[in-house]
Structure formats: structure tokens, C-alpha cells
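In what follows, a structure is listed as C-alpha cells, so that the remarks can point back to it.
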Amino acid sequence: MTATPQAVSTRWLLFGLWFVISLLVFFRPLGAVIQFAAHNDDASHIFLIPFISAGMICLERRTIFRSTFYDLPVGVFLALTAGAITAATLRWHESWSSSLSAYMLALVLLWFAGFALLFGRNAARTARFSLLLLLLAVPLPDFLLRQAVYFLQRGSAEMVTALFDLTGVPYLRDGFVFHLGRFSIEIAEECSGIRSSMAVLILALLAAHFYLHSFWKQAIFLLASLFIMIVKNGVRIAMLTILALYVDPSFLLEVCIGTAGLSSFC
């Protein structure tokens with residue numbers, strides 16, 4: 001069913017009302033997420049995601065809203081799922097901070113529900129990339145964030161090891177700590193590059209969506225982007241360390257000096 005401009009405008013007004021009501025319902029957890037993103041570098045990208053998603057829908061609006069209809073089954077299913085997540089979080093959450101991810105996931109699902117209800121599953125399917133991108137606005141739970149940080153730490157440490165071996169730098173490695181005689185460096189959690197990695201991931205997702213139309217090409221491109229994130233962080237750490245070791249120790253001004261003189265890259 002082809003939608004007239006007036007019909008689409010009416011649906012957008014209803015969706016705007018749905019959006020405002022959802023914000024009021026989740027006002028307290030949403031405020032906590034905003035505070036969390038404002039004071040946590042690992043989550044600063046959350047502010048950009050809704051605007052990027054809205055911009056994508058605007059760019060592709062002619063394709064997305066070519067056919068619209070009210071889709072009660074899908075809308076109700078997604079809304080009930082969001083309600084179930086909210087109820088479970090209220091019942092079993094251990095702390096306010098640990099429940100932010102669940103509340104934000106429920107809010108995003110509620111937006112999905114409103115979109116599918118008012119524009120139909122065809123429009124939602126066409127706009128799936130823009131809608132699914134909103135999941136990046138959900139703060140990573142602590143256990144997933146720790147795993148992601150550890151993966152980046154490990155990858156950066158392996159890259160530093162390879163570069164030290166390649167350039168002949170003498171070192172003794174103890175986990176994420178490298179002892180270099182004159183000083184020691186540590187690839188700490190704060191130095192994993194998670195913030196810049198999220199920025200690269202978002203750019204890679206957008207580039208893959210616009211320029212690659214095969215799923216396998218998109219997957220390979222994203223994996224290559226992940227590899228570049230690790231290489232970039234490892235090269236930065238290794239080069240600064242080599243310059244501090246053989247040229248001028250002041251190159252380590254970029255690092256944080258902890259107790260016992262241990263330098264942690266940040």
C-alpha cells in the first residue's frame with residue numbers, strides 16, 4: 001500500500017507522541033544513562049547514536065516509507081518484550097548501575113515497537129540498519145565491557161611484542177607489563193583504545209552499509225577494521241616506547257606514571 005504524504009505525516013506525529021511518552025516512562029534510567037555517558041569515555045558515543053540513526057532514516061526515507069501500514073502484531077510483540085525486560089529488571093536487578101543496560105535495551109525495543117506498529121514490518125525491515133544501530137546506544141554490561149577491553153589489551157600487547165621483536169628492542173614481558181631496563185610500561189585497561197575503537201566501529205558500519213551490499217564483504221570489512229584498531233594502538237605504544245628508550249624519555253609524557261614508576265599508556 002503506497003502511503004500518501006499526509007498519511008506519512010500523521011504516522012510521524014503519532015510516532016513522535018510514542019517517542020515522547022517512552023522518554024517520560026524511562027525518564028529516570030535515561031537520565032542515569034546520560035550521566036554515565038557524560039562521565040565515562042567508554043560510553044561517550046551514546047550521545048551520537050540516536051542522531052546518526054535519525055539521519056540515516058531521513059536519507060533513506062523514500063525507500064523506507066514507500067509502503068506503510070499499521071502492524072499491530074509486530075508492534076505489540078516488541079512492546080511486550082520491552083515490558084518483560086523492564087519488569088524483570090525491576091524485580092531482579094542487583095544495583096542501579098548494573099540495570100542501566102537492561103533499561104536502555106527496553107527503551108530501544110519500545111522505539112522499535114512504535115516504528116513497526118505505525119509504519120509496518122516492511123518499513124522496519126528496510127530501515128533495519130538504522131534501527132539496529134540504536135543498539136549501540138545501550139551501554140555495554142560490565143562483563144561484556146571487561147571482555148572487550150581485555151581483548152583489545154591482549155591484541156595491543158601481542159602487536160607491541162611483534163614490533164619489539166621486529167626492531168630488536170630487548171624486553172621482558174609479564175602479562176601486559178613490559179620491562180625495558182630503564183623503565184617499564186603497562187598496557188592498562190584505560191589504554192586498551194576502547195573509545196577510539198568504538199569510533200572506528202561506527203564508521204566501519206556506516207561505510208559497509210553504504211558501499212558494500214554483500215553480507216560477507218561487510219563482515220570481512222568489519223573484521224579488517226577490528227584488526228586495524230588493534231594495529232593502530234599497538235603501533236602507537238611501541239613507537240612512543242622506542243622513542244622514549246632511544247631518543248628522549250619525554251615521549252612518555254603521554255602516559256600515566258603510577259606507583260613504583262610504572263608507565264601506563266592511556
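The values are calculated or read from the model by the stated rules, or taken from the named source; none is laboratory data. What you are looking at is a predicted structure, and each value in this text was computed from that prediction instead of being measured. Cβ coordinates were reconstructed from backbone atoms using ideal geometry, including for glycine residues, and neighbour counts include every protein chain displayed. Note: accessible area is taken over every heavy atom of the protein model, side chains too, but ligands, DNA and RNA are not part of it. Shrake-Rupley method; radii C 1.70, N 1.55, O 1.52, S 1.80 Å.
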| task | Just subtract the alpha-carbon distance of R128 and M239 from 0.36 nm times their residue separation and send over the number in nm, one decimal. | result | 35.8 nm
| message | One quarter of the convex hull surface, Cα atoms only: what value does that give for region 126-240 in nm²? | response | 8.5
| task | Would you look at the GNM of the chain, springs on alpha carbons closer than 10 Å, and say which of G55, G75, G181 moves the most? | result | G181
| said: Keeping every protein chain present and rolling a 1.4 Å probe, give me the accessible area per residue for the chain in Å². | reply: 56
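Work the Kirkwood hydrodynamic radius out for the chain: mean of 1/r over every pair of different alpha-carbon atoms, inverted, in Å.
On the way: mean 1/r = 0.0471 Å⁻¹.
For the chain, the Kirkwood estimate is 21.2 Å.
Note down the relative contact order for the chain as a percent, whole number, built from C-alpha pairs under 8 angstrom at least six residues apart.
Values: 299 pairs, mean separation 48.2, N = 266.
Answer for the chain is 18 percent.
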| query | Which percent of the accessible heavy-atom area of the chain goes to carbon and sulfur, probe 1.4 angstrom? | reply | 70
| remark: Cα-based Rg then Dmax for region 69-153, in Å, read 14.9, 48
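Taking 2.2 N^0.38 Å as the expected size of a compact globular protein, what ratio does the Cα radius of gyration of region 115-188 give against it, to two decimals?
Working: Rg = 21.7 Å, N = 74, 2.2 N^0.38 = 11.3 Å.
For region 115-188, the normalised Cα radius of gyration comes out at 1.92.
What value, in deg cm²/dmol to 500, does the helix sum -39500 (n - 2.57) over DSSP H runs of n ≥ 4 give at 222 nm once divided by the residues of the chain?
Numbers: 11 runs with 176 residues, N = 266.
Mean residue ellipticity at 222 nm (helix-derived): -22000 deg cm²/dmol.
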| message | Just want the answer: with Cβ charges of +1 for Lys and Arg and -1 for Asp and Glu, which residue in M159, A127, L145 is farthest toward the dipole's positive end in region 78-207? | response | A127
| query | Roughly how much of L14 is accessible, in Å² to the nearest 10, using a 1.4 Å probe? | reply | 70
| field | Cα lying deepest toward the dipole's positive end in the chain, options L172, T89, F215, charges on Cβ | value | F215
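By the scheme Lys and Arg +1, Asp and Glu -1, what is the net charge of all other residues having a beta-carbon under 15 Å from that of T161? Present the calculation step by step, with values, prior to reporting the outcome.
Numbers: positive: R154, R173, R236; negative: E158, D165, D174, E186.
Counting the neighbours of T161, the net charge comes to -1.
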| message | Show log10 I(q)/I(0) for region 1-78 at q = 0.15, 0.21 Å⁻¹, two decimals, from a solvent-free Debye sum over equal Cα scatterers. | response | -0.75, -1.13
| task | About the Cα centre of the chain, how large is the charge dipole given +1 on each Lys and Arg Cβ and -1 on each Asp and Glu Cβ? Please answer in debye to the nearest 20. | result | 1100
| task | Might you report the magnitude of the Cβ-based charge dipole of region 143-213 about its Cα centre, with Lys and Arg at +1 and Asp and Glu at -1, to the nearest 20 debye? | result | 100
